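Take a look at the structure set out below.
The values are calculated or read from the model by the stated rules, or taken from the named source; none is laboratory data. This one's a predicted model, so the numbers in the text were calculated from it and none came from an experiment. Positions of Cβ are generated from backbone atoms using ideal geometry, with glycine treated the same way; all protein chains shown enter the neighbour counts. The accessibility values were calculated without ligands, DNA or RNA, using every heavy atom of the protein model including side chains. Shrake-Rupley method; radii C 1.70, N 1.55, O 1.52, S 1.80 Å.
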Amino acid sequence: MDRRELLKGSAAAVASILSPVGAEAAVKSVATAGKVERWGVFELELNGPSHGNPFVDVTLTAHFTQEHRTVAVKGFYDGDGLYRVRFMPDAEGVWSYTTASSAAELNGKTGHFACAPASEGNRGPVTTANRFHFIYADGSPYSPFGTTTYSYLFATDTNAAVSLEGMRGYFNKSRVCVLPKPLGNNGPELLPFPRSGEGKDATNDYTHFNPAYFRLVEKRILELQGAGIEADCILFHPYDAWGYKAMPNGADDFYLRYVVARFAAYRNVWWSIANEYDLVKTKSMPDWDRYFRIVQAEDPYGHLRSIHHSQVIYDHSRPWCTHASLQSWDFEKSAARREAWNKPIVYDEIQYEGDVDRRWGNLAAEEMVRRFWLATVRGSYASHGEVFRAEETGPHAHEPSWSDAGRLRGDSAAKIRFLHEVIAKYARTGLNEFENSYYLSAGKEGELYLWYFDYHRPSRYDFPLPNTAIFEAVLLDPWERKETKLQGSFTGKSRVDLPGKPYQAILFRKTAEVKGKPTGQVAGPEVMD
């Protein structure tokens with residue numbers, strides 16, 4: 001290994017050309033500077049053969065070892081004779097690596113690097129927790145409050161910047177297509193495969209990739225990561241102008257392995273095998289199962305995996321599927337679906353706020369907000385979408401809609417954020433639906449209760465709280481984003497006067513255990529801290 005390769009490889013590789021004392025100091029200084037942090041990315045860059053077709057002809061794998069544990073990670077060709085292996089370390093300390101390759105120039109390369117503690121805001125990848133919910137790898141709670149920006153990964157810098165600004169602070173997940181979709185006059189400017197010819201005579205070379213396209217996608221994924229947003233990467237879709245939805249089976253598999261090798265080391269990646277998979281008529285159910293299995297096998301980190309439907313719901317009970325991603329708003333079926341699938345449910349398409357002439361794209365903001373609340377009290381999650389007609393004149397003429405990485409124009413985002421703030425404040429790992437509740441409710445038995453009255457507008461209600469604890473109560477106005485704490489404490493059957501307005505909510509949170517068994521609203525009860 002020459003000095004230039006060492007400089008490219010790792011902090012510890014740099015340190016190995018220094019004295020032992022200097023080496024230790026170098027490792028520490030580079031690691032603490034954030035070069036390789038826990039759940040960050042260590043990238044090994046190597047020079048190798050560029051003749052023939054390196055995408056097909058050359059294999060590259062690196063084995064990363066810490067003590068008794070070894071993780072195998074596949075590399076990929078990035079054009080111009082450059083090969084990369086990306087690794088996301090999940091444990092602090094020193095990692096060593098050894099490469100194995102069909103090319104002699106890439107085989108048997110060794111080195112070390114130090115993994116430092118995660119920096120602020122880096123909570124690791126998201127995984128499932130408590131059967132029906134999600135959590136970050138560091139144990140922090142995560143509740144998906146997502147949106148839909150299909151074209152973000154390949155949008156122009158201008159449109160992507162506008163879209164990211166709209167997402168920042170409002171949403172923590174976005175559904176994004178990896179393969180391009182038509183965008184009219186706004187791109188895409190790059191395509192993932194080399195393409196020759198024009199119009200109906202055009203052909204794609206599925207034995208090569210266009211690294212520039214995938215570098216753009218990676219740039220966008222990291223932009224989302226920097227804003228605290230999970231990238232729910234849609235691998236296939238039916239919105240196609242280049243023939244990608246009809247690639248041969250071998251090309252599909254080749255593409256999936258390449259994408260996983262390039263993107264899996266980014267902690268904010270989720271895998272959505274397809275959007276509206278059942279509209280891709282060139283694929284069969286065994287194909288979709290195979291894609292799941294390929295992604296699961298190729299991803300050393302076990303990122304979340306789902307698939308999204310139009311009419312035919314996929315069997316989410318299958319072991320390679322980590323959670324359900326639905327195009328539906330029949331939230332009342334959530335309990336039956338949880339029983340059948342035993343997994344978290346995300347209603348990823350509940351129609352769109354907007355004003356287009358299609359029924360799926362002209363919800364009022366109030367209805368979009370209502371659907372988020374309905375999903376929440378049914379023990380599940382929802383994703384936002386927005387499609388307004390393009391302006392024909394003025395500074396924003398013919399710009400893409402929000403769902404294709406445009407400006408956020410609707411009124412629901414801030415109201416959805418209010419719900420997110422309530423959940424983050426009061427519930428650590430999601431809310432479970434209280435089935436058969438007279439009014440819709442969810443929470444944690446004996447600890448937390450959230451009632452949502454939907455279009456009902458009672459002026460009062462007797463809440464059936466347990467008499468084993470004392471609760472505080474907070475009235476919530478989802479549209480006005482108001483949180484009003486009620487006076488007094490509550491236990492057992494508790495009558496509360498309500499605003500008499502539709503779409504209101506109330507939350508009860510346990511503050512203490514009861515000594516004895518008082519019931520109803522209490523003032524200054526004897527409690528046990």
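Going through the stretch 170-196 one residue at a time, which ones are in a loop (DSSP other than H, G, I, E, B) and at pLDDT 90 or above? Full working, then the answer.
Step one: of the stretch 170-196, the residues in a loop (DSSP other than H, G, I, E, B) are 170-172, 178-183, 187-194.
Listed by number, the residues that qualify are Tyr170, Phe171, Asn172, Val178, Leu179, Pro180, Lys181, Leu190, Leu191, Pro192, Phe193, Pro194.
Can you run down the residue pairs with Cβ atoms below 7 Å, 6 or more apart or on separate chains, where the first is in the stretch 159-182 and in contact (Cβ under 8 Å) with a residue 60 or more places away in the chain and more than 13 Å from Leu216 (Cα to Cα) and the partner is open to solvent by 30 Å² or more (accessible area, probe 1.4 Å) and assigned to a helix (DSSP H, G or I)?
Within 7 Å, the pairs are Asn159/Asn186; Leu164/Glu223; Tyr170/Arg417.
Could you say whether any residue in the stretch 422-429 is in contact with a helix residue (DSSP H, G or I) (Cβ under 6 Å, 6 or more places away or on another chain), open to solvent by less than 50 Å² (accessible area, probe 1.4 Å) and of a type outside the set (Asp, Glu)?
If we filter the stretch 422-429 for residues that are in contact with a helix residue (DSSP H, G or I) (Cβ under 6 Å, 6 or more places away or on another chain), which is where we start, we get none.
So far as the stretch 422-429 goes, no, none of its residues is in contact with a helix residue (DSSP H, G or I) (Cβ under 6 Å, 6 or more places away or on another chain), open to solvent by less than 50 Å² (accessible area, probe 1.4 Å) and of a type outside the set (Asp, Glu).
Across the stretch 53-74, which residue is farthest from the chain's Cα centre (by Cα) among those that are outside any loop (DSSP other than H, G, I, E, B) and of a type in the set (A, V, I, L, M)? Don't jump to the end; show me each part of the working.
At the first step, the residues of the stretch 53-74 found to be outside any loop (DSSP other than H, G, I, E, B) are 54-57, 60-66, 69-74.
So of that shortlist, the ones also of a type in the set (A, V, I, L, M) come out as 56, 60, 62, 71-73.
Numbers: Val56: 30, Leu60: 28, Ala62: 27, Val71: 23, Ala72: 24, Val73: 22 Å.
The extreme case among them is Val56.
What strands (runs of 3 or more DSSP E), lying completely within the stretch 75-132, carry at least 3 residues that are surrounded by fewer than 19 Cβ atoms within 10 Å (Cβ to Cβ) and within 28 Å of the chain's Cα centre (by Cα)? First the steps, then the outcome.
On the way: elements: 82-87, 93-101, 110-115, 126-129.
The qualifying strands (runs of 3 or more DSSP E) are 126-129.
Quick check, is Arg338 modelled with pLDDT of 95 or more, farther than 28 Å from Val178 by Cα, in contact with a strand residue (DSSP E or B) (Cβ under 8 Å, 6 or more places away or on another chain) and not in a loop (DSSP other than H, G, I, E, B)? Break it down into steps so the answer makes sense when it comes.
Values: modelled with pLDDT of 95 or more: yes; farther than 28 Å from Val178 by Cα: yes; in contact with a strand residue (DSSP E or B) (Cβ under 8 Å, 6 or more places away or on another chain): yes; not in a loop (DSSP other than H, G, I, E, B): yes.
Yes; evaluated as a whole, the condition is true for this residue.
List the pairs whose first member sits in the stretch 303-329 and is under 28 Å from Pro89 (Cα atoms), whose second member is of a type in the set (Phe, Trp, Tyr) and in a loop (DSSP other than H, G, I, E, B), and whose Cβ atoms are under 8 Å apart, counting only residues at least 6 apart or on separate chains?
Every condition considered, the pairs that remain are Arg305/Trp320; Ile307/Tyr314; Cys321/Tyr314.
Across the stretch 251-286, which residue is surrounded by the fewest Cβ atoms within 10 Å (Cβ to Cβ) among those that are in a loop (DSSP other than H, G, I, E, B) and touching a helix residue (DSSP H, G or I) at 6+ places or on another chain (Cβ under 8 Å)?
As a first pass, look at the stretch 251-286 and keep what is in a loop (DSSP other than H, G, I, E, B): 264-268, 275-276, 280-284.
Retained after the next criterion (residues that are touching a helix residue (DSSP H, G or I) at 6+ places or on another chain (Cβ under 8 Å)): 264, 266-268, 280, 282-283.
Numbers: Ala264: 23, Tyr266: 22, Arg267: 24, Asn268: 26, Val280: 21, Thr282: 13, Lys283: 21.
The qualifying residue surrounded by the fewest Cβ atoms within 10 Å (Cβ to Cβ) is Thr282.
Filtering the stretch 374-396 down to residues that are in a helix (DSSP H, G or I) and under 20 Å from the mean Cα position of the chain (by Cα), which residue is farthest from Phe134 (Cα to Cα)?
Residues of the stretch 374-396 that are in a helix (DSSP H, G or I), as a first pass: 374-377.
Remaining after also requiring under 20 Å from the mean Cα position of the chain (by Cα): 375-376.
Working: Ala375: 15, Thr376: 14 Å.
Only one residue fits best here, namely Ala375.
Within the stretch 403-433, how many residues turn out to be at pLDDT below 90 and closer than 15 Å to Ser174 by Cβ?
Result for the stretch 403-433: 0.
From Asp240, Asp232, grab the single residue that is more than 15 Å from Tyr291 (Cα to Cα) and modelled with pLDDT of 95 or more. Please lay out each step first, then the result.
Values: Asp240 fails: modelled with pLDDT of 95 or more.
Criteria check complete, one pass: Asp232.
Counting only residues that are more than 18 Å from Asn275 (Cβ to Cβ) and among the polar types (S, T, N, Q), which one in the stretch 287-328 is most open to solvent (accessible area, probe 1.4 Å)?
Gln296
Conditions first: (1) over 26 Å from Tyr136 (Cβ atoms); (2) modelled with pLDDT under 95. Asn53 passes all but one, so which condition is the exception?
Tallying (1) over 26 Å from Tyr136 (Cβ atoms); (2) modelled with pLDDT under 95, Asn53 fails exactly one: (2).
How many residues does the stretch 463-483 hold that are under 14 Å from Pro499 (Cα atoms) and open to solvent by 10 Å² or more (accessible area, probe 1.4 Å)?
Residues meeting the conditions: 6.
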